[in-house]
Amino acid sequence: MSDGEREGRHEESHGGALGTRLNWLRAGVLGANDGVVSTAGLVVGVAGASADRGTLLTAGLAGLLAGSMSMAAGEYVSVNTQRDAEKAALAVERRELREDPEAELDELTRLLAERGLSHDVAREAAEQLTARDALRAHADVELGIDPDALTNPWHAAWASFLSFTAGALLPLLAIVLPPASARLAVTVCSVLAALVLTGWASARLGGAPPGRAVVRNVAGGAAAMAITYAVGALLGAAGA
Ligand SMILES: [Zn+2]
């Protein structure tokens with residue numbers, strides 16, 4: 001089996017090498033998208049209440065750090081939990097293979113037969129896979145896990161932190177760099193343009209048609225900015 005075929009098959013079944021790379025890329029795009037939307041909503045809301053550049057910078061920077069750290073912590077916890085679950089499942093599998101190899105061979109045969117092999121071919125395949133690396137065969141066919149490719153929680157945490165930060169920098173810079181009269185227009189336009197890009201990229205990476213994803217993404221971001229701006233303007237007018 002060539003690498004391409006192998007990866008294609010894995011991607012269909014449970015996200016192997018290519019699937020994993022696409023998932024990482026997609027997670028990065030979604031993290032950046034989160035950073036754009038939440039920071040844009042924050043700075044536009046503050047801009048509705050205050051014209052002070054220092055206030056905007058403080059609010060935007062605090063939002064960037066709070067968001068990126070909370071994303072990283074959440075990712076760290078969730079990947080660790082998943083990893084623990086995968087390790088526990090592999091430990092169970094290892095024990096079953098040691099204690100009842102015959103039943104495990106039958107189980108592997110049945111699972112392969114369910115994938116469309118005749119019983120005899122499935123039996124032969126199960127025997128060969130078991131002879132080569134029984135745990136790997138069960139991890140793959142039964143659990144959909146590659147024991148050597150468990151996600152590193154620190155990598156996942158850093159990836160979230162960096163992708164959120166990259167996205168958050170756009171509205172932050174767009175609100176503090178231009179002159180006061182242009183800052184809202186520059187921020188709204190650059191944010192909506194970025195949301196076209198992230199909506200398109202995440203749909204393409206997820207294998208979905210991009211049109212509707214772009215519209216939804218842009219509409220969501222526009223609504224977030226409109227609402228926070230309205231709230232900021234109301235509070236600002238009320239002298240809060
Ligand atoms: Zn098994």
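Towards the positive end of the charge dipole of segment 71-200, with charges on Cβ (+1 Lys, Arg; -1 Asp, Glu), say which of His138, Ala88, Val191 has the farthest Cα.
The Cα lying farthest towards the positive end belongs to Val191.
Between beta-carbons, use under 15 Å as the cut-off and find the net charge around Ala59, counting Lys and Arg +1, Asp and Glu -1.
+1
Residues with beta-carbon under 11 Å from that of Arg110, excluding Arg110: net charge, scoring Lys, Arg +1 and Asp, Glu -1?
Charge balance near Arg110 sits at -3.
Find the all-direction average of the projected area of the Cα convex hull for the chain, expressing the result in square nanometres with one decimal place.
That works out to 16.1 nm², a quarter of the Cα hull's surface.
Can you tell me the mean projection area, over all orientations, of the convex hull of segment 15-145's alpha carbons? Units nm², please.
10.6
Can you give the Rg and Dmax of segment 162-229 based on its C-alpha atoms, in angstrom?
12.9, 41
For the chain, what is the charge dipole size about the Cα centre, in debye to the nearest 20, if Lys and Arg each add +1 at the Cβ and Asp and Glu each add -1 at the Cβ?
Value, rounded to 20: 1700 debye.
Rank these for me by crowding, Val141, Val92, going from fewest to most other beta carbons within 10 Å.
Sorted ascending by nearby Cβ count, the order is Val92, Val141.
For segment 74-122, how big is the tail of P(r) above 16 Å, as a whole percent of Cα pairs?
Above the 16 Å cut-off, segment 74-122 has 57 percent of its Cα pairs.
So for each of 37-48, 110-121 I average, over its residues, the number of other beta carbons within 10 Å; can you give me the resulting order with the highest mean first?
The peptides rank, most packed first, as 37-48, 110-121.
With a bin width of 5 angstrom, please list the P(r) values of segment 47-102 as percents of all Cα-Cα pairs, from the 0 bin to the one holding the largest distance.
Calculated P(r), rounded to whole percents: 4, 16, 11, 11, 9, 8, 8, 6, 7, 5, 5, 4, 3, 2, 1.
Among Leu61, Leu172, Leu234, whose Cα sits farthest toward the positive end of the charge dipole of the chain (+1 at Cβ of Lys/Arg, -1 at Cβ of Asp/Glu, about the Cα centre)?
The listed residue farthest towards the positive side: Leu234.
We did not get these values from a lab; they are worked out from the coordinates using the rules stated. Nothing here was measured: the structure is a model prediction, and the numbers come from that model. With ideal geometry, Cβ positions are generated from the backbone for all residues, glycine too; neighbour counts draw on all protein chains shown.
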